[in-house]
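Report on one structure; see the data block that follows.
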There are 2 protein chains.
Amino acid sequence: MDTLDILWDLALIILFAKFFALVARKLNAPQVAGEIVAGILIGPTLLNLVQETDFLNQMAEVGVILLMFSAGLETDLNQLKKSGIKATLIACSGVLTPLVLGTLMYMCFFGFSAVGTEGFIKAVFIGTILTATSVSITVQVLKELGKISTELGMTIMSAAIIDDVIGILVLTAVIGMRDPKSNFALTAGKTGAFFLITVIAGVIVYNVMERIDERYPHTRRIPIISIGIAFILSYVADYYFGVADITGAFFAGVILSSLKDSDYIEWRVDINSYTFFGPVFFTSIGLQTNLRTLDTAILLFSVVFVIVGLLSKVIGCGFMGRILGYKGKDALKIGVGMMTRGEVALIVTQRGLKAGIIGSEYFTAVILLIVVSSLLTPLLLKALFSGEETGIA
Amino acid sequence: MDTLDILWDLALIILFAKFFALVARKLNAPQVAGEIVAGILIGPTLLNLVQETDFLNQMAEVGVILLMFSAGLETDLNQLKKSGIKATLIACSGVLTPLVLGTLMYMCFFGFSAVGTEGFIKAVFIGTILTATSVSITVQVLKELGKISTELGMTIMSAAIIDDVIGILVLTAVIGMRDPKSNFALTAGKTGAFFLITVIAGVIVYNVMERIDERYPHTRRIPIISIGIAFILSYVADYYFGVADITGAFFAGVILSSLKDSDYIEWRVDINSYTFFGPVFFTSIGLQTNLRTLDTAILLFSVVFVIVGLLSKVIGCGFMGRILGYKGKDALKIGVGMMTRGEVALIVTQRGLKAGIIGSEYFTAVILLIVVSSLLTPLLLKALFSGEETGIA
């Protein structure tokens, strides 16, 4: 009765996930946090109603790919070009600082390891988890404050997007380092080859899709072909180039992000995401997080992880903002705006788990960072913008 | 690299399925047929690019449940009440005739078996496959001819819907007969208890959902809770009452079909269906159908199966129409309108396969019936309505 159990598992997951997502929203916390809590509740930590299965893991896998594809689709290439150099510098500094500080923090806890050893890669990976800002939460807060179309708002948004791209590149490099058969030159070469091919294939695919889209706008075939492309690029990235499959999915989204129907595709992808694949992914993180095994060492690590995660972004981005000529308060706004973490941090963590680099105990730290940053950013931004004229009536 | 293969399989399935569905539509054949052909092409019969896997089978299972839920949602209870007795009688005759003729045909081919034996159940199952008319194709043809809102059109449509309900009841009974531990009284009792509980739970669930829907119309929670209900009812039907899970899904749809947001739910379900779960289900039928093992016996059986399938509906429904006072030509229109088969016939076949009642070689016959009936019905209906004033400009 295997197939029957699937129906039961899925029903519990989507109902509990939705319920706790709504509760989270009421509490001004990100919905994602609610879905993870749902997983902890119905998982082995508490009720033990649902256990990890191959099917759920595989659904979660598809969910991750869809989420990253959707994130790629949201990229606005034209806006990136406009905000250009400033945003790129802020993003670079905002990736580098948490990467270095995260790595150092891990080493302070668990000892320093030589470059290239397993301990070193693990430390760098902890830093890597800290790199990606959550675009969606930042955007939402800026929208609410009516600051999204100001020069400052645009810079923050662009930096948050570029930040994702750089974060993915860092992840690619770290995952590549892990492969015992490869050396740095080979990894770099394969990664370079992947991006070269992605650019060439991207131009071709984009032009073909643009024609299809012009001939058959708003038809089902547009999102279906797009999802097919995302899956193929994910597969090719991982299978032939040793690049993380989520990198492939993300760049498939970037390639198609300038299509006229990119919103239409994203919406279709999101409907698939939010009904089954997304909730299964986030709930499965809760299922994998057995809080009963939590000890004080992990708790202490998590708290420090959150503090380093928040401060490193504020410092990295704020400092670069100051160098680029923003006033003190504006530089601080940039730093705080870039501080939120979200899905991508979880996805990166899960990739590390899958590749055997880190253990599932780090989920606790990452979940804590997402929840705290998502709650703190809106409050701090509102305080920083207070006194100024906002778009709120 | 199991999870990677999933991406590759899914990409091939959704791209090939969509392509062949579009080709089928160009040829005026049902899109479903195109998706099955895609499965035959990429499956073991020809290219062998994709093989059956647990994951694909489980996705297909979810797809079947979603399809049946969607079919239930389309049921218009008010219209059923209006068309009432006439449509019900036509539907009954239209179910009984193919059921009996199908059973007899199987026995003519493979020998007569005593009531209750395995051979007998198999024969009755072949009859059962023939019972369900495809509402969607009939509706489409009547719409095209501008005859959907005529008294005749309404009668055909209602009969096609009631036909589904009765077909599901027949399937439930046959599947129940199969259980070696049960006797007829027990099966009937359990099935009766299921329907009693479904009605009681249905009234409660409907009233709760109506309130939620009034408070939060057009929100994501409506389709998500609805799908949760469908999965739970499917599970409960099968696990506790030995009733086919698709019966549970169908009746979950019927329960929610009168909600104001039922179209909204159906649309969301369909988007999930058409992107992944539906194509995976129909393609997997193609994957399971290895045409290389076809022999002349199966081919001959298939041809007779198609002829009996078509004629039994025309006779059963047309004859009852004549008794109810329709003129000869109108009675024939009813018979021809009820002749199309679709997804439900496939789903029933797959259930028989899963329950070990029949082998996968019968897919060939069912696919043939779907394709022939879907091509023939529009042509014949157009011919029968020719000369009359149609709604076509």
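Against the criterion of being among the β-branched types (V, I, T), open to solvent by less than 30 Å² (accessible area, probe 1.4 Å) and within 27 Å of A:W267 (Cβ to Cβ), A:T45 does not qualify. Within the range B:192-216, if we keep just the residues that are in a helix (DSSP H, G or I) and farther than 17 Å from B:S258 by Cβ, the residue that is most open to solvent (accessible area, probe 1.4 Å) turns out to be B:R215. Every condition in (1) part of a helix (DSSP H, G or I); (2) in contact with an Asp or Glu (Cβ under 7 Å, 6 or more places away or on another chain); (3) of a type outside the set (V, I, T) holds for A:D163 except the one numbered (2).
Scanning the range B:346-386 for residues that are out of contact with any Lys or Arg (no Cβ under 8 Å at 6 or more places or on another chain), outside any loop (DSSP other than H, G, I, E, B) and among the polar types (S, T, N, Q) returns B:T349, B:Q350, B:T364, B:T377. Of all the criteria given as (1) open to solvent by 10 Å² or more (accessible area, probe 1.4 Å); (2) touching a helix residue (DSSP H, G or I) at 6+ places or on another chain (Cβ under 7 Å), the one not satisfied by A:F120 is (2).
A count restricted to the range A:327-338 and to residues that are basic (K, R), open to solvent by 30 Å² or more (accessible area, probe 1.4 Å) and in a helix (DSSP H, G or I) stands at 1. Scanning the range B:259-280 for residues that are acidic (D, E), in a helix (DSSP H, G or I) and either away from chain A (no Cβ under 11 Å) or in contact with a strand residue (DSSP E or B) (Cβ under 6 Å, 6 or more places away or on another chain) (or both) yields a count of 2. Checking each residue in the range A:224-252 for being open to solvent by less than 20 Å² (accessible area, probe 1.4 Å), of a type in the set (V, I, T) and more than 18 Å from the chain's Cα centre (by Cα) picks out A:I224, A:I227. A:F125 fulfils the conditions (1) open to solvent by 10 Å² or more (accessible area, probe 1.4 Å); (2) farther than 24 Å from A:F319 by Cβ; (3) in contact with a helix residue (DSSP H, G or I) (Cβ under 8 Å, 6 or more places away or on another chain) except for a single criterion, (1). The number of residues in the range B:217-244 being out of contact with any Lys or Arg (no Cβ under 8 Å at 6 or more places or on another chain), part of a loop (DSSP other than H, G, I, E, B) and more than 10 Å from chain A (Cβ to nearest Cβ) comes to 1. Considering the range A:105-117, the residues that are in contact (Cβ under 8 Å) with a residue 12 or more places away in the chain and in a helix (DSSP H, G or I) include one that is surrounded by the most Cβ atoms within 10 Å (Cβ to Cβ), namely A:Y106. Taking only the range A:7-16 into account, find how many residues are open to solvent by 10 Å² or more (accessible area, probe 1.4 Å) and either within 8 Å of A:A38 (Cβ to Cβ) or without any contact (Cβ under 8 Å) to a residue 12 or more places away in the chain (or both). Number of matching residues: 3. Of note, B:R268 satisfies the criterion of being modelled with pLDDT of 85 or more, open to solvent by less than 30 Å² (accessible area, probe 1.4 Å) and either among the charged types (D, E, K, R) or over 16 Å from B:G72 (Cα atoms) (or both). Scanning the range A:17-40 for residues that are within 18 Å of A:N57 (Cα to Cα) and either open to solvent by 30 Å² or more (accessible area, probe 1.4 Å) or not β-branched (V, I, T) (or both) yields A:A17, A:E35, A:V37, A:A38, A:G39. B:R341 passes every criterion in (1) assigned to a helix (DSSP H, G or I); (2) under 25 Å from B:V62 (Cβ atoms); (3) open to solvent by less than 40 Å² (accessible area, probe 1.4 Å) apart from (1).
Residues in the range A:309-319 include none that are assigned to a helix (DSSP H, G or I) and over 18 Å from A:L99 (Cβ atoms).
Against the test of being more than 30 Å from A:L7 (Cβ to Cβ), in contact (Cβ under 8 Å) with a residue 12 or more places away in the chain and crowded, with 16+ Cβ neighbours inside 10 Å, the options A:L66, A:L77, A:L99 yield a single qualifying residue, A:L99. Considering the conditions (1) modelled with pLDDT of 90 or more; (2) under 15 Å from the mean Cα position of the chain (by Cα), A:R322 is excluded by exactly one of them, (2).
Restricting the first member to the range B:24-53 and to residues that are without any contact (Cβ under 8 Å) to a residue 24 or more places away in the chain and under 18 Å from B:L346 (Cβ atoms), and the second to residues that are open to solvent by 70 Å² or more (accessible area, probe 1.4 Å) and not in a loop (DSSP other than H, G, I, E, B), the beta-carbon pairs closer than 6 Å and six or more apart or on different chains are B:Q31/B:R25. Of the residues making up the range B:80-96, those that are over 13 Å from B:T128 (Cβ atoms), crowded, with 17+ Cβ neighbours inside 10 Å and not β-branched (V, I, T) are B:L80, B:S83, B:K86, B:A87, B:L89, B:A91, B:C92, B:S93, B:G94. Inclusion of B:S136 among residues that are modelled with pLDDT under 90, of a type outside the set (K, R), surrounded by fewer than 20 Cβ atoms within 10 Å (Cβ to Cβ) and not in a helix (DSSP H, G or I) is not warranted.
The values are calculated or read from the model by the stated rules, or taken from the named source; none is laboratory data. Quick caveat, the model's predicted, so the values are computed rather than measured. Every residue, glycine as well, gets a Cβ built from its backbone with ideal geometry; the counts of neighbours run over all protein chains shown. Note: areas computed on protein heavy atoms with side chains; ligands, DNA, RNA excluded. Shrake-Rupley method; radii C 1.70, N 1.55, O 1.52, S 1.80 Å.
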